[in-house]
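Asks: Starting off with a structure, shown below.
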Amino acid sequence: MTVLVVDDEEGVRMVARRILESAGYTVIEAVNGADGLKTIEANTPVDLLMADLDMPVMRGEDMAVRIRALRPHLKCLYVTAHIDALMDERPLLWDGEAFLEKPFGSASLLEAVRLLTTGRIGAPPPAQSSGLRLFWSRISGRG
Amino acid sequence: MAVDSSELHRLKNQLSIVYGFADLLLIEMAPGDPHAPQMAEIQQHAMAALELLRDAPPNPEEQ
């Protein structure tokens with residue numbers, strides 16, 4: 001399973017790569033939204049898009065809209081440090097979309113990816129994984 | 001000190017990276033590793049700093 005990680009911050013990409021590769025995922029990186037879009041337009045096989053929403057050049061959500069026009073069934077995990085403002089702006093998620101709050105650790109990222117790709121939730125998150133705690137509460141609050 | 005939103009975003013990203021690498025190191029440490037408590041402190045303080053920044057008022061010069 002291949003994850004395209006799009007973030008303008010190299011350190012964030014490195015953390016995501018280490019976590020995902022440790023769990024057996026293949027990782028492709030893109031340094032901004034335009035780069036991510038170019039990767040998809042090149043027909044690179046990708047199962048899940050993990051995108052920072054706050055990037056220069058092209059905002060993550062703008063990139064995701066254009067990518068999903070090309071690949072409507074691609075799963076999208078949006079990562080942001082401003083999840084509360086974002087959820088006020090956009091309280092509902094489409095199928096195959098989820099938000100994860102920065103900072104994320106291994107447990108929260110892997111649970112989010114597994115939930116999106118398999119529809120199943122594994123073990124409950126540890127108390128310190130704030131990203132997943134928010135992620136779960138947003139999912140469970142969709143109604 | 002007034003910090004504009006792009007600088008705030010970059011600062012949050014840097015702290016998120018500290019948090020993420022601390023998390024990875026904690027997972028990779030053997031049980032009982034003597035450095036684990038210090039690493040957990042680093043992670044907790046990165047989170048505490050992020051929470052402080054979350055409540056930071058916007059720079060009035062940007063409004």
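Asks: Tilt of helix B:5-28 relative to the longest C-alpha principal axis of chain B, in degrees (0 to 90, nearest 10)?
Replies: That helix lies at roughly 10 degrees to the long axis.
Asks: Check which residues have an amide H placed less than 5 Å from A:Y78's amide H, if you skip close sequence neighbours.
Replies: For A:Y78, whose amide H was placed from the backbone, the distant partners under 5 Å are A:A51, A:A98, A:F99, A:L100.
Asks: Sticking with this structure for a sec: Enter the angle in degrees (range 0 to 90, nearest 10) between the Cα long axis of helix B:36-54 and the first principal axis of the Cα atoms of chain B, meaning the one along which they spread out most.
Replies: Helix B:36-54 sits at roughly 10 degrees to that axis.
Asks: Next up: Could you check which residue among B:A22, B:A36, B:A46 shows the biggest mean-square fluctuation in a GNM of chain B with a 10 Å Cα cutoff?
Replies: Comparing B:A22, B:A36, B:A46 in the GNM, the peak value goes to B:A36.
Asks: How far is it, in nm, from the label point at B:E7 to the one at B:E28 when both lie 7 Å from their Cα along the line to the Cβ?
Replies: Inter-label distance under the simple model: 3.3 nm.
Asks: Let me ask something else about it. Given the -39500 (n - 2.57) contribution per DSSP H run of 4+ residues, what per-residue ellipticity at 222 nm results for chain B, rounded to the nearest 500 deg cm²/dmol? Intermediate results must be reported in sequence, preceding the final value.
Replies: Values: 2 runs with 43 residues, N = 63.
Here the helix-only value at 222 nm equals -23500 deg cm²/dmol.
Asks: Now for a different question. Summing +1 for each Lys or Arg and -1 for each Asp or Glu, what net charge is found among the other residues whose Cβ lies under 11 Å from the Cβ of B:R10? Let's see the in-between values first.
Replies: On the way: positive: B:K12; negative: A:D8, A:E9, A:D54, B:D4, B:E7.
Net local charge, B:R10 excluded: -4.
Asks: Now for a separate question. Please give every one of the lysines within straight-line cross-link reach of A:K102, meaning a C-alpha to C-alpha distance under 16 Å, and leave out same-chain neighbours fewer than 8 residues apart.
Replies: Straight-distance partners of A:K102: B:K12.
Each value in this text was obtained by applying a stated rule to the coordinates, not by laboratory testing. Nothing here was measured: the structure is a model prediction, and the numbers come from that model. Counting neighbours? That spans all protein chains shown, and the Cβs are built from the backbone with ideal geometry, glycine included.
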